[in-house]
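Peer 1: Below are the structure tokens for one structure; questions will follow.
The values are calculated or read from the model by the stated rules, or taken from the named source; none is laboratory data. As the structure is a computational prediction, the values presented were derived from the model and not from experiment. Every residue, glycine among them, receives a Cβ derived from its backbone with ideal geometry; neighbour counts consider all protein chains shown. Note: accessible area is taken over every heavy atom of the protein model, side chains too, but ligands, DNA and RNA are not part of it. Shrake-Rupley method; radii C 1.70, N 1.55, O 1.52, S 1.80 Å.
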Amino acid sequence: MTTVGNAPEGSRLGAVVPGTDLSQHARLLSRVHDAVLSGQEPPAQPRTVVARSWSRVAAGGLTPDHCGASAVADFSELESRRSRTALRSVLPELRTTLTEVAEDAGFIVVVADADGVLLWREGAKTVKRAADALGFAEGARWSEQSVGTNAIGTALIEDSAVQLFSAEHYAPTHHNWSCTGSPVHDPRTGEILGVVDISGSAASVHPTTVALVRTAVRLAEATLWREHAATLERLRSRAAPLFAAGTGPALVVDEFGWVAGASGIAAPDRVAAPSAGKPVIVPGLGMCLPEPLGDGWLLRTGVGGPVIELELSLGVSPQVTVRGDANWTRALSPRHAQILRALAAVGSAGVDAAGLSEVLFGDREHVVAVRAEVSRLRKHLGAVLQTQPYRFADGVRVVVT
């Protein structure tokens, strides 16, 4: 059976190809939607991204006829979300790229946060009125769990640009719409900040809209990176007198661990993100206890203790406790407990990703999964864990109980 859209399954981000008869395509999608969601054989298979979303939404207990409405945040919550998000600083870029042409092109531009809550909505007045009737308004939550398959919620889950046309939406009330959304990532951390979305009537769908939205997102992310560079420059200026006074080997980093300046050592681009009271092991410095410095941190030798003790408890509820100048405990998933036990067993020699794969999975074929798990674990433990090969850092004494 063919896939909807006359293209190989999963091969397109766009919902249509040039020359598509939109009326005929919408009728086909409607039949596909009704058949798939009623458990019958469809005349064609939905696109892979659509099928995945429908499956997720159905598994969550939503039915097509009972997922079209969304609760709307009150004014105070909406303003709080707007003030907290880093996306507020990219609005001028998005307005220049998208909003200025929205009225003539007949669409609206929506910026949503990482929860799928609509923060800002601008564009064609007629489309905004239609969106109001749909509940597609500022403060509404358009996650998949709230309203079914839609370009905002689905882009958040897929972590990819998504275009939906007509009955590719889960809720029948959305079938007269086309929507294109793309996630915006924080260039400092890689985390999703939210989604930029273009929405309009189903008849307004166009294959190039995906590229337009993705270009706007790239420009927005470039703006965020320039702000990040400016923050590092301010920290660098603040640190200059300290370095001139002779603090000894030291680093100044921002809240995410990006290095703004260094004295006495070769500066890496980034170290583990510091936090108050949590010892950090920095290559070239050793053990440090972060000292607040404006919007960042000063890391230098002679502040932290000479040894960190890591106690690995492998009981019914695995956890790790780190003791140094400050003590802290983290719960562990069974997989992360298994990783730490394996690293404790190999000692200072460490183990590469393939070797750790063999310990965890019984073969050497799960290198990608191993790297992902260790990366997640290091977000909790910081530089207590070292890479290439994987091992506990020098100065860490491990006790398994």
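Peer 1: When you go through R341, R335, R378, R364 one by one, which is the residue that is under 20 Å from V271 (Cα atoms) and among the basic types (K, R)?
Peer 2: The conditions single out R378.
Peer 1: What are the pairs with Cβ atoms under 6 angstrom where one residue, in region 179-199, is within 12 Å of Q163 (Cα to Cα) and free of Cβ contacts under 8 Å to residues at least 40 places away in the same chain and the other, located anywhere, is open to solvent by 50 Å² or more (accessible area, probe 1.4 Å) and of a type in the set (K, R)? Sequence gap at least six, or different chains.
Peer 2: That search, which allows pairs on different chains as well, returns S182/R214.
Peer 1: Quick one: T189 ticks every box in (1) β-branched (V, I, T); (2) in contact with a helix residue (DSSP H, G or I) (Cβ under 8 Å, 6 or more places away or on another chain); (3) in a loop (DSSP other than H, G, I, E, B) except a single one, so which number is it?
Peer 2: The single condition T189 does not satisfy is (2).
Yes/no per residue for (1) modelled with pLDDT under 95; (2) of a type outside the set (F, W, Y); (3) closer than 28 Å to V184 by Cα:
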position: T208; (1), (2), (3): yes, yes, yes
position: E221; (1), (2), (3): no, yes, yes
position: I265; (1), (2), (3): yes, yes, no
position: R270; (1), (2), (3): yes, yes, yes
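Peer 1: Please list, ordered by residue number, the strands (runs of 3 or more DSSP E) wholly in region 315-401 having 1 or more residues that are farther than 19 Å from K278 by Cα.
Peer 2: 396-400
Peer 1: From the residues in region 223-257 that are open to solvent by 40 Å² or more (accessible area, probe 1.4 Å), of a type in the set (A, V, I, L, M) and touching a residue at least 12 places away in the same chain (Cβ under 8 Å), which one is nearest to G190 (Cα to Cα)?
Peer 2: By that ranking, first place goes to A240.
Peer 1: Right, another one. Name the pairs whose Cβ atoms lie under 8 Å apart, with the first residue in region 206-219 and within 14 Å of P183 (Cβ to Cβ) and in contact (Cβ under 8 Å) with a residue 24 or more places away in the chain, the second open to solvent by less than 60 Å² (accessible area, probe 1.4 Å) and among the acidic types (D, E), and 6 or more positions between them or separate chains?
Peer 2: V213/D197; A216/E93
Peer 1: Against the condition modelled with pLDDT under 95, among the small types (G, A, S) and within 20 Å of the chain's Cα centre (by Cα), how does S89 come out, does it pass?
Peer 2: So S89 fits the description; yes.
Peer 1: Another one. If you check A260, A202, which single one turns out to be in contact with a strand residue (DSSP E or B) (Cβ under 7 Å, 6 or more places away or on another chain), more than 25 Å from R378 (Cα to Cα), open to solvent by less than 20 Å² (accessible area, probe 1.4 Å) and small (G, A, S)?
Peer 2: Result: A202 is the single residue among A260, A202 that is in contact with a strand residue (DSSP E or B) (Cβ under 7 Å, 6 or more places away or on another chain), more than 25 Å from R378 (Cα to Cα), open to solvent by less than 20 Å² (accessible area, probe 1.4 Å) and small (G, A, S).
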